[in-house]
Amino acid sequence: MNTSVNIADVIFKNPVMTASGTFGSGMEYSNFVDLNKLGGVITKGVANVPWEGNKVPRVVETYGGMLNAIGLQNPGIDKFVERDIPFLKNYDCNVIVNVCGRSIEDYVDVVQKLAYEDGVDMLEINISCPNVKEGGIAFGQNPDNAYEVTKQVKKYAKQPVIMKLSPNVTDITEMAKAVEAAGADAVSLINTITGMKIDIEKQTFALANKTGGMSGPAIKPVAIRMVNQVANAVNIPIIGMGGISTYEDAIEFILAGATGICVGTANFFNPLATEEIVAGIEAYMKRKNVEDINDLIGLVNK
């Protein structure tokens with residue numbers, strides 16, 4: 001039985017990965033999860049300089065999920081290279097570094113510093129960050145901006161590039177086509193959906209930032225719909241995410257067209273989720289007499 005998948009010529013032993021921002025850089029969960037059993041670890045976003053993040057409160061529970069407004073707090077690329085990459089190199093799983101930035105120059109700076117870093121298999125570019133130079137419009141909400149940041153990153157990247165797409169758009173296929181045209185090797189989707197919660201006792205916003213990114217089981221149907229739309233619009237691999245907490249969820253995404261899947265919010269309420277999903281996928285394949293997981297990718301469209 002073959003559970004391995006190929007994403008931009010990088011072979012994953014299985015399609016299960018961790019979603020950026022929900023698993024630290026692996027170290028934080030290593031007492032719960034055997035990283036060797038995962039297809040890959042996608043790290044928390046890292047920028048060219050340290051970011052403090054937003055004011056607290058910045059995480060709040062919602063029905064079927066959570067809202068976060070962390071603000072991409074991170075220690076910066078230099079600390080990340082010194083501390084996190086050496087740790088991850090001890091494990092037999094692919095390492096995908098999530099890159100964030102406030103401008104194209106910020107992204108390129110991080111990509112250049114990672115270009116020859118041993119132990120980094122792929123880059124995931126988070127284009128849901130505010131584009132400060134363009135009046136606060138997120139790169140991921142404008143196809144021209146998405147095309148340009150992808151094109152510039154690809155000039156300097158030595159690893160395959162995954163562009164992480166925002167769901168907060170009218171037509172996600174337009175964004176996927178733009179980054180594919182600019183040379184993206186793969187896409188990952190969806191990032192969080194913008195949401196809000198109000199504390200009726202305090203009569204104020206539950207998050208200091210007022211709005212936050214909604215994640216968790218409640219967004220899964222939206223995520224599957226978008227993955228399926230993109231699968232029918234582009235020819236590059238898709239990494240699906242958004243509310244995956246069980247192997248059944250993961251199989252849905254794969255049938256919709258995802259080659260790989262990421263587990264995010266589930267890590268907070270079930271630290272063992274990733275390992276359980278790996279085992280569940282294998283059990284499903286045996287039950288359905290599926291010898292190769294690749295036969296399931298996009299099966300509903302065939």
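Criterion first (part of a strand (DSSP E or B) and buried (at least 24 other Cβ atoms within 10 Å of the Cβ)) does Gly240 satisfy it? So Gly240 passes the test. Right, Gly195: at pLDDT 95 or above and either among the hydrophobic types (A, V, I, L, M, F, W, C) or under 17 Å from Asn68 (Cβ atoms) (or both) or not? Answer is yes for this residue.
When segment 255-273 is examined, which residues are found to be in a helix (DSSP H, G or I), farther than 16 Å from Asn98 by Cβ and in contact with a helix residue (DSSP H, G or I) (Cβ under 7 Å, 6 or more places away or on another chain)?
Answer for segment 255-273, where residues must be in a helix (DSSP H, G or I), farther than 16 Å from Asn98 by Cβ and in contact with a helix residue (DSSP H, G or I) (Cβ under 7 Å, 6 or more places away or on another chain): Leu255, Ala256, Ala266, Ala273.
Taking the residues in segment 7-34 that are more than 17 Å from the chain's Cα centre (by Cα) and under 17 Å from Met122 (Cα atoms) as candidates, determine which candidate is surrounded by the fewest Cβ atoms within 10 Å (Cβ to Cβ). Of everything passing the filter in segment 7-34, Asp9 is surrounded by the fewest Cβ atoms within 10 Å (Cβ to Cβ).
Looking only at segment 130-172, filter to residues that are surrounded by fewer than 18 Cβ atoms within 10 Å (Cβ to Cβ) and closer than 13 Å to Cys100 by Cβ; which one of those is nearest to the chain's Cα centre (by Cα)? Selected residue: Pro130. The set of residues in segment 221-249 being touching a residue at least 60 places away in the same chain (Cβ under 8 Å) and either in contact with a Ser or Thr (Cβ under 6 Å, 6 or more places away or on another chain) or β-branched (Val, Ile, Thr) (or both) consists of Val230, Ala233, Val234, Ile236, Pro237, Ile239. Beta carbons closer than 6 Å, at least 6 apart along the sequence or on distinct chains, pair a first residue in segment 151-165 that is in contact (Cβ under 8 Å) with a residue 24 or more places away in the chain with a second that is surrounded by 22 or more Cβ atoms within 10 Å (Cβ to Cβ) and aromatic (Phe, Trp, Tyr) for Val153/Tyr107.
The values are calculated or read from the model by the stated rules, or taken from the named source; none is laboratory data. A quick note: this is a predicted structure, and the numbers were derived from the prediction, not measured. Neighbour counts are summed over all protein chains in view; Cβ atoms, including those assigned to glycine, are modelled from backbone coordinates with ideal geometry.
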